[in-house]
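To start, the structure under review is shown below, and the notes come after it.
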Amino acid sequence: MAPNGSRLRQEDFPPRIVEHPSDLIVSKGEPATLNCKAEGRPTPTVEWYKDGERVETDRDNPRSHRMLLPSGSLFFLRIIHGRRSKPDDGSYVCVARNYLGQAISHNASLEVATKGQV
């Protein structure tokens, strides 16, 4: 209770990124995680973008090899780098949104390692 007897109300606030993703070098076929944590009130939704395009995750397609974790991080079941499917290497950002605005993380590059690089 506030001194005047009224109840304290927690104020809504726009999102902010509290953990930015970091650059990764990962072997083809291995799992990987790009971390992103955001806070805001109401709790922001998080989306990922690769090279400017929205990343499809398991929330869009249950068969996707990319999972959006409850924390907002992007988990790859296995890194794809081949001719038959769109490769995972590129520049990623996470975007956190609520009705008060949005916050964009720093860029993080995901690179698929060549032999002898890891």
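Given the condition free of Cβ contacts under 8 Å to residues at least 12 places away in the same chain, surrounded by 14 or more Cβ atoms within 10 Å (Cβ to Cβ) and polar (S, T, N, Q), answer yes or no: does some residue in the stretch 57-64 qualify? Within the stretch 57-64 (the criterion being free of Cβ contacts under 8 Å to residues at least 12 places away in the same chain, surrounded by 14 or more Cβ atoms within 10 Å (Cβ to Cβ) and polar (S, T, N, Q)), the answer is yes, since at least one residue qualifies.
Counting only strands (runs of 3 or more DSSP E) that sit wholly inside the stretch 65-105, those with at least 2 residues that are under 18 Å from Arg41 (Cβ atoms) and at pLDDT 95 or above are 90-98, 101-104.
Of the listed requirements (1) in a strand (DSSP E or B); (2) on the phi > 0 side of the Ramachandran plot, Gly29 misses just one: (1).
The values are calculated or read from the model by the stated rules, or taken from the named source; none is laboratory data. None of these values were measured; they are calculated from a predicted model. Don't worry about glycine lacking a Cβ; one is built from the backbone with ideal geometry, like all the others, and counts go over all protein chains shown.
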